[in-house]
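To keep things clear, I will list the structure first and then write my remarks on it.
The values are calculated or read from the model by the stated rules, or taken from the named source; none is laboratory data. Note that the structure is a prediction, hence the values are computed from the model and not measured. Here the Cβ positions follow ideal geometry from the backbone for every residue, glycine too, while neighbour counts run over all protein chains shown.
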Amino acid sequence: MKNFIIFICFFSIVGTLLALPITFTNGETLQTNIDSQSNMIAFDGNIEHIFTHCLLAYPSLALSEENNMKQYYEKDCITPNEFSLILKELYENNYVLININDIFENINGKIIKKKVFVPEGKKPLILSFDDVNYDQKKLKKGMVDKIIVDEQGNLASETEITWSTTKKIDISYDNEFIPILENFIKTYPDFSVNGAKGTICLTGYDGILGYRTSKKNTVNRQQEINSAKIVVDKLKTNGWNFACHSFGHYHMKNISDEQFKQELENWKEQVEPIIGETNIYVYPYGEWELTDDNNNTSIKHQMLIDYGFQLFCGVGSNPFFSYMPLNTSGTKSLFMDRTPIDGYSLKNRKKELLRFFNADEVYDFKYRT
Ligand SMILES: [Zn+2]
């Protein structure tokens, strides 16, 4: 299976070959995601899914020449300003956020698409966010330290700022995607269907959401887990959900089946107890492996299915939501591509992004070169 690299990031790409029109299986499974209070209609077009990474919360630091993460951040991430402007344009262009769990279901072991309902004139959109772990190699390099629940019970970001010899804790509501989206939907509640927010794609190798919950951390680990759980519970209550983005952010084809199994065990042991089960798998680097050389389901993919994953997300600039592999009559899995929103795409994929927003209008000229 050949993948085409269409942009550069920590994440490579899967999906340009997947640019097929969406087709719903049938109308038999109409249900559940109807808000009975309002006029919802079945949507028959493409369900769009866009993703980005943690924001460059402190852009002047993140994009400074002295920062050894700058080149990655510049390509793979966006600034808080860009994110806010993108939300505004998405809203103005009649997109509404839906919950990714409302687009598929398991009927007697078969994963099928569900009809999606949105208010008349609106278009469904899924937002997801990758690598939301704030791992230690990124600390003090322009991202926030962690997500917290503040004393008033609101989601916020927390970052320790050092000014020459003094340290200060910065609690912010406008420099990371979680509080920004929370506040945007408070202002524009009709941007969200049934309170849906976004999908947070986690790894586990250095903890989650800024908490050092992995087993390799032996200092205050239980306390970190307890703190992470408070944030996770609040996120879930507020309409966020979680996806598995692997444990160690590996290249799928570069590790053995045994290592892959260990990855999944690590996820089950170290992440799932904190966030609960998820049946959504988001491929690191957008690299997937479905079949072996004989065109049978690969051992790794079978492991993912056996562990309970039901929706598999890759990367691609066009909407794709269908069953893969396309060319065999064997086991098929439900796949969805996600359109990357990052510094690279804002610069080089303007045309593809026009269906969402005008990249020139959101581009952060203040901080980007
Ligand atoms: Zn990733």
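When region 236-267 is filtered for residues that are under 19 Å from the mean Cα position of the chain (by Cα) and more than 15 Å from the ligand (Cβ to nearest atom), the ones remaining, listed by number, are Lys236, Thr237, Asn238, Gly239, Trp240, Asn241, Leu264.
Inside region 281-296, can you point out the residues that are in contact (Cβ under 8 Å) with a residue 24 or more places away in the chain and surrounded by fewer than 18 Cβ atoms within 10 Å (Cβ to Cβ)?
Glu289, Thr291, Asn295, Asn296
Given the condition at pLDDT 95 or above, hydroxyl-bearing (Ser, Thr, Tyr) and more than 27 Å from Glu82 (Cβ to Cβ), answer yes or no: does some residue in region 209-225 qualify? So far as region 209-225 goes, yes, one or more of its residues are at pLDDT 95 or above, hydroxyl-bearing (Ser, Thr, Tyr) and more than 27 Å from Glu82 (Cβ to Cβ). Checked against (1) part of a helix (DSSP H, G or I); (2) of a type in the set (D, E, K, R); (3) closer than 25 Å to Leu85 by Cα, Lys300 passes all but condition (3). Of all residues in region 305-354, count the ones that are among the aromatic types (Phe, Trp, Tyr), part of a strand (DSSP E or B) and out of contact with any Cys (no Cβ under 8 Å at 6 or more places or on another chain). Residues in region 305-354 being among the aromatic types (Phe, Trp, Tyr), part of a strand (DSSP E or B) and out of contact with any Cys (no Cβ under 8 Å at 6 or more places or on another chain): 3 in total. If we scan region 99-118, do we find a residue that is within 16 Å of the ligand (Cβ to nearest atom), in contact with a strand residue (DSSP E or B) (Cβ under 7 Å, 6 or more places away or on another chain) and either part of a strand (DSSP E or B) or in contact (Cβ under 8 Å) with a residue 40 or more places away in the chain (or both)? So far as region 99-118 goes, no, none of its residues is within 16 Å of the ligand (Cβ to nearest atom), in contact with a strand residue (DSSP E or B) (Cβ under 7 Å, 6 or more places away or on another chain) and either part of a strand (DSSP E or B) or in contact (Cβ under 8 Å) with a residue 40 or more places away in the chain (or both).
Of all residues in region 234-256, those that are out of contact with any strand residue (DSSP E or B) (no Cβ under 9 Å at 6 or more places or on another chain), crowded, with 17+ Cβ neighbours inside 10 Å and not in a loop (DSSP other than H, G, I, E, B) total 1.
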